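Asks: I have a structure I would like to understand better, so I am pasting it below and will then ask my questions one at a time.
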Amino acid sequence: MTRQYRIYGLEMSPYSIKVRSWFRYKQLPHEWIGRSMERMPEFQSLARLPLVPLVQCPDGEVMQDSTPIIEWLEARHPAPPTQPASPLLAFLSALIEEYADEWLNKPMFHYRWSRPADCASAALRIAREQLPGQPDEQLANMVAFLQQRMVPRLSLVGSSAETGPLIEQSFRQLLVRLEPLLAKRAYLFGARPCLADFGLYGQLQQLASDPTPAALMKEHAPATLAWLARMDSPPAGTDTGGSSAPKDNPHADTEFDSEAALLADLEPLLREQVLGYYLPWAQANEQAVAAGEEHFSVALPGGLFTQQPQKYHARSLAMLRQRRAAVTVPLPDWLPAF
Ligand SMILES: N[C@@H](CCC(=O)N[C@@H](CS)C(=O)NCC(=O)O)C(=O)O
């Protein structure tokens, strides 16, 4: 029996720091356990899948997969809320979280393992987490092992010499879209973080730690970097930043901005990143999984994207579709059925 939540994770894992940021924001007592080699047997005795994060509840129950973990915990620890009261905004927040987990992970993985300087930097930092306390000189074998293991995995996310420019383009475009949004509000939807923030934070914090994308962010995305610093441990109090929710809106809350303001501000990002890249890719992947194909190609802005179909992404698209079906208020015309 454990008395508080335990999170087995890695600083270098986007999904681990996403869940930790959520716990910190909720001020839920928890222990962060770096999944080093030393803690591996203990992790393996609990894990159904060899993936971090893994959360062990005070009653001993074990959960994996960051989105269901947060959803399950949110129902048990609803305050402060990490979803807007408006069903439309809550869906858009979940949609952006899904985009971050599934599509933005491609730029994250691609930048980390494509160029020698980024590979060397990431492998050394992961090795330090695996063997904490060892001097860097003694980590050479682990660094070499990690590079040999991770670089070939680029193909699993669809990163190749052909798709690299498209993946990098989508990241640079995202920075351009995010910057004014995060300069305007403390968090994406207002004065408090929501699911969209936690999902984006996980991936973008990793990108900000790898040399090549970090340089781009320093040059082009100061407001995004300031938001990343806030997201490490978002304060639980509300900072309305002067915004006020309209009184005639039944779903009004002071934590998140109004539907009208957010729809107008988020539309360019949603159109470009979610409707432009994520949804066509996710639907093509789903069709390829159903057809049992070995590879699929889909036309995205900037060229043809080719990848091996992945069942996990198809399952999570189906869950997103269920969320959409549960929204009974009208969705904007520009958000097509999927
Ligand atoms: N969908 C999962 C993804 C978890 C995942 O891919 N975790 C990676 C690290 S970010 C992992 O543990 N990979 C196994 C490994 O690298 O050994 C989630 O949201 O938690």
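Asks: Counting only residues that are within 15 Å of P58 (Cβ to Cβ) and of a type in the set (K, R), which one in the stretch 1-34 is nearest to the ligand (Cβ to nearest atom)?
Replies: R6
Asks: On the basis of being within 16 Å of the ligand (Cβ to nearest atom), closer than 27 Å to E38 by Cα and either more than 20 Å from the chain's Cα centre (by Cα) or surrounded by fewer than 12 Cβ atoms within 10 Å (Cβ to Cβ) (or both), does L124 make the cut?
Replies: yes
Asks: Exactly one condition in (1) within 24 Å of L131 (Cα to Cα); (2) away from the ligand (no atom under 15 Å from the Cβ) is not met by L89; state its number.
Replies: With (1) within 24 Å of L131 (Cα to Cα); (2) away from the ligand (no atom under 15 Å from the Cβ) applied to L89, the lone miss is (1).
Asks: A further question follows. All but one of (1) more than 13 Å from the ligand (Cβ to nearest atom); (2) outside the structural domain of G202 (by TED's automatic domain parsing); (3) surrounded by fewer than 23 Cβ atoms within 10 Å (Cβ to Cβ) hold for Q44; state the number of the condition that does not hold.
Replies: Status for Q44: all satisfied but (1).
Asks: Quick check on my filter: what residues within the stretch 67-86 are within 16 Å of the ligand (Cβ to nearest atom) and touching a strand residue (DSSP E or B) at 6+ places or on another chain (Cβ under 9 Å)?
Replies: Within the stretch 67-86, the first condition is being within 16 Å of the ligand (Cβ to nearest atom), and the residues that meet it are 67-74, 82.
Once the filter is applied, which keeps residues that are within 16 Å of the ligand (Cβ to nearest atom) and touching a strand residue (DSSP E or B) at 6+ places or on another chain (Cβ under 9 Å), the stretch 67-86 yields I69, W72, L73.
Asks: Scan the stretch 202-237 residue by residue and report those that are of a type in the set (S, T, N, Q) and either open to solvent by 10 Å² or more (accessible area, probe 1.4 Å) or in contact with a Gly (Cβ under 7 Å, 6 or more places away or on another chain) (or both). I'd like the intermediate steps shown before the answer.
Replies: From the stretch 202-237, those of a type in the set (S, T, N, Q) are 203, 205-206, 209, 212, 224, 233; that's our starting set.
Q205, S209, T212, S233 - these are the residues of the stretch 202-237 that are of a type in the set (S, T, N, Q) and either open to solvent by 10 Å² or more (accessible area, probe 1.4 Å) or in contact with a Gly (Cβ under 7 Å, 6 or more places away or on another chain) (or both).
Asks: P50 fails exactly one of the following numbered conditions: (1) farther than 23 Å from Q83 by Cβ; (2) more than 10 Å from the ligand (Cβ to nearest atom). What is the number of that condition?
Replies: Single failed check for P50: (2).
Asks: Can I ask one more? Report yes if Q322 is open to solvent by less than 70 Å² (accessible area, probe 1.4 Å) and under 24 Å from the mean Cα position of the chain (by Cα), otherwise no. Walk me through how you get there before you give the answer.
Replies: Values: open to solvent by less than 70 Å² (accessible area, probe 1.4 Å): no; under 24 Å from the mean Cα position of the chain (by Cα): yes.
In short, no.
The values are calculated or read from the model by the stated rules, or taken from the named source; none is laboratory data. Predicted model, so just to flag it, every value in this text is computed and none were measured. As a convention, Cβ positions derive from the backbone with ideal geometry for all residues, glycine included, and neighbour counts pool all protein chains shown. Note: accessible area is taken over every heavy atom of the protein model, side chains too, but ligands, DNA and RNA are not part of it. Shrake-Rupley method; radii C 1.70, N 1.55, O 1.52, S 1.80 Å.
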